[in-house]
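Peer 1: Before anything else, here's the structure in question.
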Amino acid sequence: MIADAVGDRGVWFRVESSSTGSTVRRAAERLAGELELGEAGTADLAIVVAELTSNLVKHAEDGMLLLRPVRRHRDAGVELIAVDSGPGMADLTLSSRDGHSTVGTLGIGLGAIVRQASWFDGYSLPGRGTVLTVQVWPSGAPEPDWAAGLTRPITGETVSGDGFAIRVADGRRQVLTSDGLGHGPLASAASDAAVAAFHAAPAGSPGVVVQHLHRAMSHTRGAALAVAELDPAAEVLRFAGLGNIAAHLVAPGDRRRGLVSLPGIAGHQRPTIREYDYPFESDARLVMHSDGVSDRWQLDDYPGLAERSPLVMAATLLRDGGVRRDDACVVVARA
């Protein structure tokens, strides 16, 4: 895939040859110019892209890379997420040190990525593959987000009908997951409308926000969607959903609780909207995803994953649970 413009949802590349690496590098450099990353930042980004794509070509199976902008307030950087189903690594920290290699190479690839990145995180399991996430900023990286998500379109489409958004409104930490009806541009437009309305919504509880989204989306084909609000001080999670958005509270020890989403389509008819409260312990994670992701995953199948960033956790679950016959979206949040 050749990206003339990289929107906020990003562009996925299937990395199978060195020529794809060149395509990704050109797209990344173009994005860096649009975001005014600067000469030094663009040079660092080029090294990161070269090493990530080289690793995927040499060592990975089903290697994919997502390129997208990342924003914090008025600042912007470039984010790269590399996922594969290759041999994996028993110790990602050790493998990130210069000179370490499991395949007889110079072993400098991951070390170079860590050095050039403003922010880096990853997760790997032997026999299950690796997820690497990198951000390059014009200056020091901001604090990592408390929530993160990513989407991937159905095979054959260039845009995804799924979407997500994160906001803090008057101290309320809220996340949205949306699944526009169908696939392609019209489904994508429905999720785009949900995201725009979410950012513009009053600083109310999830039930109030979902009601606002329903009214704002009447001109679209509609979407299944859910809004969650994390209140760590009260140890409560508030949730309101319409349609087939799956949401779970998970914690180490195979503790998993599904959240209730009522039948309905935002933007159509007059659905019943109800808000539910759930206990939210400090070690819990919220996982929300569209029906393009299987819900058969178990956190205990991924030792240590809950300690990684929400972005790494979301990318790992999308890699293993995302089905190719549907758009897919995963969002993860923590206290």
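Peer 1: Closer than 30 Å to residue 217 by Cα, assigned to a strand (DSSP E or B) and open to solvent by 10 Å² or more (accessible area, probe 1.4 Å): is that true of residue 168 in this structure?
Peer 2: So residue 168 passes the test.
Peer 1: Can you tell me which residue in region 128-169 is farthest from residue 325 (Cα to Cα), limited to those that are of a type in the set (Lys, Arg) and touching a residue at least 40 places away in the same chain (Cβ under 8 Å)?
Peer 2: Result: 128.
Peer 1: For region 298-323, how many residues are over 17 Å from residue 130 (Cβ atoms) and not polar (S, T, N, Q)?
Peer 2: Final tally of qualifying residues: 5.
Peer 1: Another question about this same structure. Condition check: assigned to a helix (DSSP H, G or I), closer than 14 Å to residue 265 by Cβ, open to solvent by less than 50 Å² (accessible area, probe 1.4 Å) and hydroxyl-bearing (Ser, Thr, Tyr). Does residue 191 satisfy that?
Peer 2: Answer is yes for this residue.
Peer 1: In region 254-267, what residues are within 24 Å of the chain's Cα centre (by Cα) and over 15 Å from residue 291 (Cα atoms)?
Peer 2: Passing the criteria: 254, 255, 256, 257, 266.
Peer 1: Further question on the same structure: Determine whether residue 33 is open to solvent by 30 Å² or more (accessible area, probe 1.4 Å), in a helix (DSSP H, G or I) and assigned by the TED database to the domain that holds residue 119.
Peer 2: Criteria met by residue 33.
Peer 1: Quick one: which strands (runs of 3 or more DSSP E) sit completely within region 232-335 and have at least 3 residues that are at pLDDT 95 or above and of a type outside the set (A, V, I, L, M)?
Peer 2: 236-242, 276-279
Peer 1: Something else: Just checking: which of the strands (runs of 3 or more DSSP E) contained wholly in region 47-130 hold 1 or more residues that are on the phi > 0 side of the Ramachandran plot and either modelled with pLDDT of 90 or more or buried (at least 20 other Cβ atoms within 10 Å of the Cβ) (or both)?
Peer 2: So the answer is none; nothing clears 1.
Peer 1: Across region 274-330, which residue is most open to solvent (accessible area, probe 1.4 Å) among those that are in contact with a strand residue (DSSP E or B) (Cβ under 6 Å, 6 or more places away or on another chain) and of a type in the set (Asp, Glu)?
Peer 2: Here the answer is 277.
Peer 1: Does residue 133 fit the bill of being part of a strand (DSSP E or B), in contact with a strand residue (DSSP E or B) (Cβ under 7 Å, 6 or more places away or on another chain), of a type in the set (Ser, Thr, Tyr) and at pLDDT 90 or above?
Peer 2: yes
The values are calculated or read from the model by the stated rules, or taken from the named source; none is laboratory data. Worth saying up front: this structure is predicted, and the values here are computed from it rather than measured. Glycine also receives a Cβ, built like all others from the backbone with ideal geometry; neighbour counts cover every protein chain displayed. All accessible areas refer to the heavy atoms of the entire protein, side chains included, with ligands and DNA or RNA removed. Shrake-Rupley method; radii C 1.70, N 1.55, O 1.52, S 1.80 Å.
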